[in-house]
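Quick notes on the structure that follows.
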Amino acid sequence: MKNIITLLALCFGMIAFSQNKNAKASMEVDGVCMMCKERIEKAAIRTKGVKSAVWSVDTHELKLIYDERKTNLKTIAQKLADVGHDTKEIKATEEAYNSVHPCCKYRDKDVVKDHESENGNGN
């Protein structure tokens, strides 16, 4: 019995030490402009355990540094969805999406097209 308890304690200890306090990850987050960038980065950085969050308007990639002991990618994705931005894993509710500024309506093809032409990316 003593050996089993020792073994369990050892396993739990190894799990705790295997989590990275400076984990790096990236995820795709929908958005179209600098207002989206500010909202996305702010939502991510306000998530407990997130140390750095940088989103690219051009690639829609959010680069993260976070503490795996305090949060995970699903939690971060939920925080982004809560402020109106879709990720591959979690979609924003209609209510959250409708709360973003009209120029940030990334689901609207006309808005996306307008941003592309502003940035010289349109045809």
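The values are calculated or read from the model by the stated rules, or taken from the named source; none is laboratory data. Keep in mind that what you see is a predicted model, and the values were worked out from it rather than measured. A quick note on method: Cβ atoms are made from the backbone with ideal geometry, for glycine too, and the neighbour counts reach across all protein chains shown.
What the table shows:
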{"item": "Failed criterion for ARG69 (all others in (1) closer than 13 Å to SER26 by Cβ; (2) more than 9 Å from the chain's Cα centre (by Cα) hold)", "result": "(1)"}
{"item": "Matching option when the condition is over 22 Å from ASP108 (Cα atoms) and out of contact with any Phe, Trp or Tyr (no Cβ under 8 Å at 6 or more places or on another chain), among TYR66, TYR97", "result": "TYR66"}
{"item": "Which listed residue is in contact with a strand residue (DSSP E or B) (Cβ under 7 Å, 6 or more places away or on another chain) and among the β-branched types (Val, Ile, Thr), from THR71, THR93", "result": "THR71"}
{"item": "Only listed residue being among the small types (Gly, Ala, Ser), under 18 Å from LYS21 (Cβ atoms), outside any loop (DSSP other than H, G, I, E, B) and out of contact with any Pro (no Cβ under 9 Å at 6 or more places or on another chain), chosen from ALA77, ALA53", "result": "ALA53"}
{"item": "Count of residues meeting criterion [assigned to a strand (DSSP E or B), farther than 18 Å from ASP108 by Cβ and either at pLDDT below 95 or in contact with a Ser or Thr (Cβ under 7 Å, 6 or more places away or on another chain) (or both)] in the range 12-45", "result": "2"}
{"item": "Criterion: among the acidic types (Asp, Glu) and under 12 Å from the mean Cα position of the chain (by Cα) - qualifying residue of GLU116, GLU89", "result": "GLU89"}
